[in-house]
1. Compute a Gaussian network model of the chain, connecting alpha carbons closer than 10 Å, and tell me which residue from Ala164, Ala119, Ala188 fluctuates the most.
2. Counting other beta carbons within 10 Å of each residue's own, what order do His274, His59, His104, His138 fall into, fewest first?
3. I need the phi-derived Karplus couplings for segment 283-295: 6.51 cos²θ - 1.76 cosθ + 1.60, θ = phi - 60°, integer Hz, Gly and Pro marked x.
4. Nearest 5 is fine: what % of DSSP beta bridges in the chain come out antiparallel, could you say?
5. If we sort 82-90, 278-286 on the protection proxy, mean other Cβ atoms within 10 Å, highest first, what's the order?
6. Among the aspartates and glutamates, select those whose C-alpha is under 13 Å from the C-alpha of Lys192, and discard any that sit fewer than 8 residues away in the same chain.
7. Based solely on its DSSP helices, what 222 nm [θ] is calculated for the chain when runs of n ≥ 4 H residues each add -39,500 (n - 2.57) and the sum is averaged over all residues, nearest 500 deg cm²/dmol?
8. Let me know the shape class of segment 139-287, please: from the alpha-carbon gyration tensor, a ≥ b ≥ c as square roots of the eigenvalues, rounded when a/c is under 1.5, otherwise prolate if a/b is greater than b/c, or oblate.
Amino acid sequence: MMKAALHPIQTTILRYFLEIARCQSIRRAAEELNVAASALSRHVANLEQDLGVALFERHARGLRLTEAGEVVAAGARRTLRQIERIRSEIDDLRDLRRGHVTIHAVEGMVAEFLLPLLADFGQTYPRLTYDIVVAGTHDVVDAVVDDRADIGIAFNPQPDGAVALVHEARHPVYVVGPKGHPLADGHALTLKELSLQPLGLPDRSFGIRQLVDRAAARQGISMRPSVTINSIEMAKAYVRACKGLTVLPAFAVVRECASGEMVAVRLREAGLSHATVALCTHRDRRLPVAAQRLLAEMTVRLKGFSVETATFGGTRRRRPARRPR
């Protein structure tokens, strides 16, 4: 019996397919790719014919993936990532004249740590390119596990068997408030005191929120923020506009504290003073050499990355504060 002929799917078609899935529209994908919409439609039809299943279905807002389409999309992403790794390995033999690294990082580490590092790294390897995705710690770890990121920068990540913590640096948690706030006078605060104040906290996808919630649960304290926010920049905007408090690692407010716009005081809770920033990779996957060299530089920089520029207080006890009426 003759074996069925194999029909390799071109990587270009996979890229077209993923762009249509992202845009949820052939017309919009055609505009993004600068390809005729009729050509994209033909490629999708051929792909569906080859696989014998429908990959898209129409809905009120355009196209969405079928269950089979989701399977193909996941495989396409893995295939393209593997091809990118192959190309990167070849580029490694050319002294990194080309190469690409994908980094998922918690928001507060991008401006003060990652971008200055990439600027310096680019002086040595000017042809490398990068994708930087800002995400909460949970999503950073998921991206490393799912092979969507070469390197993750997470805040106090929880243990995961698929993730290697290449290096961890201690970065305690602080209460951040506007200059002149009655509780921002240099004294360390308790979680109980903090819970009585108007708060704007990052949502539970952020490692810092997970850390605070666990510490509060151990003490039987309920943290009920006035505002829950999915951005560190918005948490700082809350401090500016609402004159309330938030909880952040010091590296996220180094500029604001240095300028005197905000102040940061320690939380009197052991678990919060031992929080860490971690460089993460997948335990069972070998990084392309470009990513390996960048990770080595990140490790060196993180060992020396200190932001002790905020107003940090002592540990003198104070009476619990009342929630303002």
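Each reported figure results from applying straightforward, stated rules to the coordinates on display, with no laboratory input. Here the structure is a predicted model, which is why all the values come from computation and not from measurement. Methodologically, a virtual Cβ is constructed for each residue, glycine included, from the backbone with ideal geometry; neighbour enumeration extends over all protein chains shown.
1. Ala119
2. On the way: His274 13, His59 9, His104 25, His138 18.
If I rank by nearby Cβ atoms, fewest first, I get His59, His274, His138, His104.
3. So the Karplus estimates, Gly and Pro as x, are 5, 10, 10, 8, 6, x, 4, 4, 5, 4, 5, 5, 4 Hz.
4. On the way: 24 of 40 bridges.
For the chain, the DSSP antiparallel bridge percentage is about 60.
5. 278-286, 82-90
6. Asp213, Glu269
7. Working: 12 runs with 134 residues, N = 325.
Helix contribution divided over all residues of the chain: -12500 deg cm²/dmol.
8. Numbers: a/c = 2.10, a/b = 1.80, b/c = 1.16.
It is prolate, given that a/c is not under 1.5 and a/b is the larger ratio.
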